[in-house]
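Notes follow the structure.
Derivation of every value follows stated rules applied to the coordinates shown; laboratory data play no part. This one's a predicted model, so the numbers in the text were calculated from it and none came from an experiment. With ideal geometry, Cβ positions are generated from the backbone for all residues, glycine too; neighbour counts draw on all protein chains shown.
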Amino acid sequence: MRGRKASKRSIVPDPKYSNIPVAKFMNYLMRRGKKSIAQRAVYDCFTMIGERQKQDPLTVFDAAIRNVSPVLEVKSRRIGGANFQVPIPVRGERRYMLACRWIIEAAKQHKGSPIAQKLTQEIIDAAGNQGAAVKKKMDVHKMAEANRAFAHFAR
């Protein structure tokens, strides 16, 4: 590696809830630097969650992230001319990033409604251990479980 390690940037909490994970979720949702659009979508989504679930939207959001976060993933390693899918544990930051990415991708799969409604439905489904994002997590875990025999190749 050349140079020094890049310094970690601090994330400013979102203005409404003063919550850093919500601000990170907005940043993952944001496209082309248009943060106000992402912010409006997330806040509309949270108001819809509050109306539908009759609960605090932050607790539903946290439950959804917790249910979608993977514990293991597979990484391709080349050993002796063969490629092995080696299961490795997922660090906390990557776990949160993957969960957010999977929720956003699953919401984008639904067509014909605004992003706030699609996110609302996906977050509610994920909080109840259902939906496409939870299915993606289960697929990743199944892959890691199937390749458990190669776990000794992990460093």
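Here the calculated FRET efficiency for His110 and Asn83, from their Cβ-Cβ distance with R0 = 35 Å, stands at 0.50, rounded to the nearest 0.05. Checking the a/c ratio against 1.5 first, then a/b against b/c, what shape does the Cα gyration tensor give for the range 20-153? The shape class here is prolate.
Couplings 3J(HN,Hα) for the range 69-85, derived from phi with the Karplus relation 6.51 cos²θ - 1.76 cosθ + 1.60 (θ = phi - 60°), are 5, x, 9, 10, 9, 9, 10, 7, 10, 9, 9, x, x, 10, 9, 10, 8 Hz, where x marks Gly and Pro. Each Lys and Arg contributes +1 and each Asp and Glu -1, all at the Cβ; summed about the Cα centre of the range 20-153, the dipole is approximately 520 debye. Taking amide H positions as modeled 1.01 Å from N, with prolines and chain starts lacking one, the residues under 5 Å from Glu73 and 5 or more places away or on another chain are Ile88, Val90.
Angle of helix 57-68 to the longest C-alpha principal axis of the chain, folded into 0 to 90 degrees and rounded to 10: 20°. Relative contact order of the range 30-115: 20 percent, from C-alpha pairs under 8 Å at least 6 residues apart in sequence. Over 22 Å between Cα atoms: which of Lys111/Lys135; Lys16/Lys136; Lys34/Lys118; Lys24/Lys108; Lys34/Lys54 fall into that group? From Lys111/Lys135; Lys16/Lys136; Lys34/Lys118; Lys24/Lys108; Lys34/Lys54, over 22 Å: Lys16/Lys136; Lys34/Lys54. Modelled label positions at Ala146 and Lys5, each set 7 Å beyond Cα in the direction of Cβ, lie 3.5 nm from each other.
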